[in-house]
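To start, the structure under review is shown below, and the notes come after it.
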Amino acid sequence: MKRFVMLALGQPVLVVLAVLLFVGAGVVAFMNLPVEAFPDVTDTQVTVIALYPGHAAEEVEKQVTLPIEVALSGLPNSIRVFSHTQFGLSYTVITYDDAATVQSVRQEVGERLRGVDLPPGVTADIAPNATPVGEILRYRLRGDGKDTTELRSVEDWVVERGLRQVPGVADVVAMGGFIKQYEVQPDLDRLRAYGLSFQNLLDALGRGNANAGGSYVAQGAQQYAIRGIGLLRSAEDIGQIVVAAHNGTPVLVRDIARVAVGAVPRLGVVGQDGDDDVVTGIVVMRKGENASSVLKGVKDKIAELNAHGLPAGVQIVPFYDRTWLMGKTLSTVFRNLVEGALLVSLVLYLFLSNLRASLAVVAVIPLALLATFLGLKVLGVPANLLSLGAMDFGIIVDGAVIVVENIMHRLAERGEGLDARKRLTLIASATDEVGRPTLFSMLIIIAAHIPIFALQRHEGRIFQPMALSVSMALLGSLAFSLTLVPLLGYWMLRRGLPHGDNRLVQGAKGVYGPVLDWALARPRAVMAVAGLAFVLALAAASRLGSEFLPELDEGTIWVNLRLPSSVSTQEASRVLRQVREALHTVPEVNTVVSKTGQPEDGTDPKTISMAEIFVDLKPAEQWRAGKTKADLIAEMDAAVSAVPGMDPSFSQPIRDNVLESISQVDGQIVIKASGDDLRQLGRLMQAIQREVKQVDGVYLAEIDREGELPQLVVDIDRARAARLGLNVGDVQDVIEAALAGKAATWLWEGERKYAVTVRLPEARRAMAELPRTLISVPGGGTVPLSEVAAIRETTGAMNIAREGGQRTMAIGVFIKGRDMGSVVADMKARIAQHVAVPEGYALKWSGEFENQERAMKRLAVVVPISLLLIFVLLFNAFNDFRMAALILLNVPLALVGGFVALWALDIPLSVSAAIGFIALSGQAVLNGVVMLSVFQQLRRAGTGVREAVREGSMQRLRTVLMTAMLAALGLLPMALSHEIGAETQRPLAVVVIGGLVTATLLTLVVLPTLYVAWFGRASEPQAD
């Protein structure tokens, strides 16, 4: 160690150049480091979407979902295959463990899907490589004087294409307005008169729209490519297509049908403020991209399109932009870091009474931060609220503090009048004295963070970047503490050093001396008090609630509503207008955007009865005096609840997406039941729902996508159809074309492609008209549909969920005013007591509770292993089993203050708080190492045990107090902050600060007492 320090002191130019090179690399890393407000905590997932328009959920399940499920079973590293099957949609999500990589699993899924046998025209596509937290910008397309059909065309063919060109954009999801299509609306009387059928019309439209290639022909020295142009160019061209010949006269489409511009039947609608139908888009970022750079590119592209890429009067107007949240959270983090650094500097000056010595220590702070940026960049980990927010500069500079404090102590004793060579040797010796304890202390703090690296999935992705950041900063701090800091001490601590202690330290010693003497004289009483404190802390811990993580305030509000399962888009639009008006009664609301149903591409499997409302708030400085976000939510809840039939739940956009990604069901706690019979599952879930709603703290418990849709079943009589020469397919084609519309071909308008469908006029699509719909028979003539089919009304499933090869139903539970752990315990007790689960059916608990349970189980295994590793390091440092055990006793005793602080402030025990206890254990061990190392030095110098303990304790009082106060004050801004982004940091900071109070008392009082009790018999000095 001494040689290493002497090398640094003897080569100052080399050290300075290395530091400058390091600073340059760190700054470059910081400039290119991805920055995000919140880590992407979602699992690696692949989503498979298959559209089967016009078909009921039961048919889609049999013909589409089940074949896909069978094909995707047994994928390597997959932990769950979950699917939603709805009207016309099959939506399957495969979730993987941490060993999976995105590109490899997407390739495996693509290979499996190639062999799936699906109905004609149905394809199973892999959704874009995005995550639920990738929705970085939402916008509305505004156009003066343009209807929503025109705006939707601009969205689909101009805006979406432009935004997809931005690097890092995975998808642009459009919703709202009408998708234009050309409808050929047949006149049934004319069809009958000409003896034509729907199939004749469909075939004619398909044949009448094509270009042909005739190879090439040579003409002299030139060669001409031959093209046959027959593509449709307009609605007039559609009307001119020949369907058949009647008595030698061609029968054209226009003779038997009307060609009109129509719209694809939509499954959802979007409204904003006073507008019931608007066109919107969501920009979704590709997984793993830098949100800051992608957002910049998107906004630049929007500005470009608004300037000269859109039709006159059309503008893209964003209403949600992740930039604000990122800026706000990161400003909170950096403000806390700056305040923490200033408090650390103040404490250093108060204890050292020397500005130059304080600056030598403070110089390590920016260098350690640059070490973090460099490490994160090299490892490809983005910087975020948690990874930077948990940075405690007080702990990070502990090594530098110990080194500078000892250098000052030695220089004050013998440094006056020494020549340069002797000062150099003295500084090297002073650094060497504390070098080994400092090295092992820093390694122990890093080792204390090992359990964090062992966390899995959601919790691992949240906290591993934090542990990585702290570890990188500690390694950087350690390197500079043993190289740059001694060199700065040599340059800056030449004269004017304080001799003896300053008034603050003298006052502390005046109080500490009698307390220490009292404790050393009464070891049993000290141990009894320590044991009693530990027991009381355990009692406080037993009364703590538990949760996964505190909720991050995103600055916006997300309202979820459930409408009747059979609601129409028109009725949903009417109700949501009332809801938007109700929300606008709160003056702080800036804009309200409602959405119900799903986009046409199937990327969001919400039914028409599931309404989601985005509420954007005005800046906080424009709120009424004294109003908080909780107050505003209470007012909104009252306003929306006044709308008949509305029972709102409140969340936030990112949180809502993350919760749903955990189990594909929206809820903090999700209760799933699996079985074969949907009706039996429904009865079971209703019984569970009744019990859950009676548990204190549950403010919402809803069965996910519950309800049935009214259906009109056309049951074809095969015998009758056969007697008339009809196949089932002939009848089905008529049903599909008559009501839903069947795409026959396509029409290109420039680069825009629109479907040409055969569909009855709106007046003839009524339920009463369906039995009279005519079907052409092969022998000539027609028969009404009622002749070959029985038509009856019934109900069918709105959604069929499947997991693990079985049908599944789930209840999403949201809690308020109570911790998650106790609520789950009460729910489990009530369900076990009052609900009988039928044979063949099983319950499973998921959601955030699943994450919390998994994290705590993992920590229960890994933390003891980490403590064992710390013990090994301590044993290696002191070569004494008893010394290592004595220092390790600091850990459980240090937890006392952490538990008491959580209990006093009514903060539940979360994974964030557990990480605080891990950080606290490293700091407690560090102080123990500092204290016991000086005891051993004094004993080796010939001092008796009791005298060594007293002298060493008084000598190290300043160091222990300083390191403890530095660590606590470094996190104080984080503990006190109530800005956006501080919620997830506060439990960690509270635990560390509270724990350091008791840890310091234990280090200064209990540890010396125990040392004397354990080593007092060997009163003679230790041999060298």
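Percent relative contact order of the chain, based on C-alpha pairs within less than 8 angstrom and at least six residues apart?
18 percent
Per DSSP helix of 4 or more residues, -39500 (n - 2.57); summed, then divided by the residues of the chain. What does that give at 222 nm, rounded to the nearest 500?
Rounded to the nearest 500, it is -16500 deg cm²/dmol.
Give the separation of the Cα centroids, region 724-773 to region 402-481, in Å.
76 Å
Would you please give the FRET efficiency between W1014 and A210, computed as 1/(1 + (r/R0)^6) with r the Cβ-Cβ distance and R0 = 60 Å, to the nearest 0.05?
0.05
Going highest first, how would you order 871-881, 506-516 by mean Cβ packing within 10 Å?
Ranking, from highest mean packing down: 871-881, 506-516.
Provide the gained length on full extension for the span T795 to L359, in nm with one decimal, where the gain is 0.36 nm per separating residue minus the Cα-Cα distance.
In short, 149.3 nm is gained.
Dipole magnitude of region 697-822 about its Cα centre, charges +1 at Lys/Arg Cβ and -1 at Asp/Glu Cβ only, in debye to the nearest 20?
Approximately 140 debye in magnitude.
How many nm is it between the label spots at E621 and A539, if each spot is 7 Å from the Cα in line with the beta carbon?
5.0 nm
Give the Kirkwood hydrodynamic radius (Å, one decimal) of region 556-651, defined as one over the mean of 1/r across all pairs of different Cα atoms.
Result for region 556-651 stands at 13.9 Å.
Using the Kirkwood formula over every pair of different C-alpha atoms, what hydrodynamic radius in Å results for region 353-500?
16.3 Å
Order these peptides, 568-579, 948-959, by their mean beta-carbon neighbour count within 10 angstrom, highest first.
Put in order of decreasing packing, that is 948-959, 568-579.
Using packing as a proxy for protection, rank 967-973, 378-384, 401-407, 449-455 so that the peptide with the highest average count of other Cβ atoms within 10 Å comes first.
401-407, 967-973, 449-455, 378-384
For region 871-884, just list the computed ³J(HN,Hα) in residue order, Karplus coefficients 6.51, -1.76 and 1.60, θ = phi - 60°, integers in Hz, with x standing in for Gly and Pro.
4, 4, 5, 5, 5, 5, 6, 10, 6, 8, 5, 5, 4, 4
With a Förster radius of 51 Å, plug the Cβ-Cβ distance of A836 and L532 into 1/(1 + (r/R0)^6) and report the FRET value to the nearest 0.05.
Computed FRET efficiency for A836 and L532: 0.60.
When the dipole is taken about the Cα centre of the chain, and only Lys, Arg (+1) and Asp, Glu (-1) are charged at their Cβ, what size is it in debye, to the nearest 20?
3060 debye
Counting other beta carbons within 10 Å of each residue's own, what order do R818, R322, R562 fall into, fewest first?
Ascending Cβ contact count within 10 Å gives the list R818, R562, R322.
Once the dipole of region 353-500 is set up with Lys and Arg at +1 and Asp and Glu at -1 on Cβ about the Cα centre, which of S471, V364, S441 lies farthest towards its positive end?
V364
Send over the per residue convex hull volume for region 694-789, Cα only, as a whole number of Å³.
207 Å³
With all distinct Cα pairs included, what does the Kirkwood hydrodynamic radius of the chain come out to in Å, to one decimal, could you say?
One decimal place: 33.2 Å for the Kirkwood radius.
What is region 33-128's relative contact order, in percent, from Cα pairs under 8 angstrom and six or more apart in sequence?
Result for region 33-128 is 40 percent.
Identify, among I407, A763, V728, the residue whose Cα sits farthest towards the positive end of the charge dipole of the chain, taking +1 on the Cβ of Lys and Arg and -1 on the Cβ of Asp and Glu, with the dipole about the Cα centre.
I407
Looking at S609, S651, A638, which one has the Cα that reaches farthest to the positive end of the dipole of region 556-651 (charges on Cβ: Lys, Arg +1; Asp, Glu -1)?
Among S609, S651, A638, the one farthest towards the positive end of the dipole of region 556-651 is A638.
Measure off 7 Å from each Cα along the Cα-to-Cβ vector at L66 and W746, then give the distance between these two points in nanometres to one decimal.
About 3.3 nm, to one decimal.
How far is it, in nm, from the label point at A766 to the one at D677 when both lie 7 Å from their Cα along the line to the Cβ?
Computed distance between label sites A766 and D677 equals 4.1 nm.
Separation of region 797-823 and region 301-375 by C-alpha centroid, Å?
39 Å
Which values of log₁₀ I(q)/I(0), to two decimal places, follow from the Debye formula for region 33-128 at q = 0.11, 0.14, 0.21, 0.22 Å⁻¹ with a uniform point scatterer at every Cα?
For the requested q values the scattering log ratios are -0.35, -0.53, -0.99, -1.06.
Roughly how many debye, to the nearest 20, is the charge dipole of region 353-500 about its Cα centre, given +1 on each Lys and Arg Cβ, -1 on each Asp and Glu Cβ, and no other charges?
320 debye
Every number in this text was worked out from the coordinates using simple rules, so none of it is lab data. The model shown is predicted, which means the values in this text are computed figures rather than measured ones. Ideal geometry is used to build each Cβ from the backbone, glycine not excepted, and the neighbour counts take in all protein chains shown.
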